[in-house]
Amino acid sequence: GPKVLQIPSHQIIDMGQMVTLNCDPVSNHLYFYWYKQILGQQMEFLVNFYNGKVMEKSKLFKDQFSVERPDGSYFTLKIQPTALEDSAVYFCASSPGLGQNTLYFGAGTRLSVL
Amino acid sequence: GDKVKQSPSALSLQEGTNSALRCNFSIAATTVQWFLQNPRGSLMNLFYLVPGTKENGRLKSAFDSKESYSTLHIRDAQLEDSGTYFCAAETNTGKLTFGDGTVLTVKP
């Protein structure tokens with residue numbers, strides 16, 4: 001089936017540094033999402049993105065977070081600066097449309113902030 | 001989560017037996033998705049449902065929007081079915097709200 005690729009699979013970083021998580025969504029999809037999953041807990045919605053803009057974001061999407069997809073390349077989540085509580089697995093997803101469309105998830109990037 | 005409640009939280013099955021997982025929603029879900037998260041953490045799409053039922057092999061899922069619940073039935077459980085099953089409700093904004101998951105362990 002359709003594949004969403006996330007790079008890297010694991011990232012270790014020192015607290016206070018910047019990190020960028022990369023997502024290569026399904027090629028004809030128009031909507032993109034980031035979800036966060038702390039170990040042993042449920043997946044939480046962070047943000048969705050369409051046509052170059054953030055459409056909706058949750059309380060978890062702190063001011064230190066930003067997303068972009070310059071010129072149809074990777075859909076990225078940048079955290080600057082990172083904090084210890086940012087340690088989690090971040091899942092990227094994409095869908096062809098909004099509402100009543102299957103979301104396809106990547107395998108996740110495990111972020112460890114030391 | 002409070003908006004999407006999954007039950008049971010954990011389940012142990014003997015290989016070859018059947019069981020059912022359930023999600024109750026306190027939000028106006030338009031569609032429901034079921035995922036299996038394997039021990040490595042990857043999410044696999046199982047079902048995407050508008051109100052109604054779908055079947056795929058040994059799995060069958062139903063979504064009743066009026067009663068605000070969804071079920072996932074597993075028939076003839078196999079060892080490879082082990083993992084965490086998540087249901088997620090989609091509202092008309094396209095955002096998925098996930099349940100807390102059901103950890104399924106299938107034993108030989």
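The values are calculated or read from the model by the stated rules, or taken from the named source; none is laboratory data. The structure displayed is predicted, hence computed values, not measured ones. Note that we place each Cβ from the backbone using ideal geometry, even for glycine, and neighbour counts take in every protein chain shown. Heavy atoms of the whole protein, side chains included, go into the accessibility calculation; ligands, DNA and RNA do not. Shrake-Rupley method; radii C 1.70, N 1.55, O 1.52, S 1.80 Å.
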Practice item. Return the only residue of A:Leu77, A:Leu98, A:Leu60, A:Leu114 being more than 14 Å from every other protein chain (Cβ to nearest Cβ), of a type in the set (A, V, I, L, M, F, W, C) and open to solvent by 10 Å² or more (accessible area, probe 1.4 Å). Key: A:Leu114
Check your understanding: Of the residues B:Ser82, B:Ser70, B:Ser65, B:Ser61, which is open to solvent by less than 40 Å² (accessible area, probe 1.4 Å) and within 14 Å of another protein chain (Cβ to nearest Cβ)?
Key -> B:Ser61
Point to revise | Residues of segment A:49-100 classified as under 12 Å from A:Pro25 (Cβ atoms), among the polar types (S, T, N, Q) and modelled with pLDDT of 90 or more, total | key: 2
Check your understanding: Within segment A:81-95, is there a residue that is open to solvent by less than 70 Å² (accessible area, probe 1.4 Å) and over 21 Å from A:Ile7 (Cα atoms)?
Key -> no
Point to revise | Boolean, A:Tyr50 is open to solvent by 30 Å² or more (accessible area, probe 1.4 Å), within 8 Å of chain B (Cβ to nearest Cβ) and either more than 29 Å from B:Leu46 (Cα to Cα) or over 11 Å from the mean Cα position of the chain (by Cα) (or both) | key: no
Check your understanding: Can you tell me how many residues in segment B:20-53 are more than 20 Å from A:Ala93 (Cβ to Cβ) and among the charged types (D, E, K, R)?
Key -> 1
**Study point:** Members of segment B:85-108 found to be facing chain A (nearest Cβ under 7 Å), farther than 21 Å from A:Val54 by Cα and not hydrophobic (A, V, I, L, M, F, W, C), listed by number
**Key:** B:Gly99, B:Asp100, B:Gly101
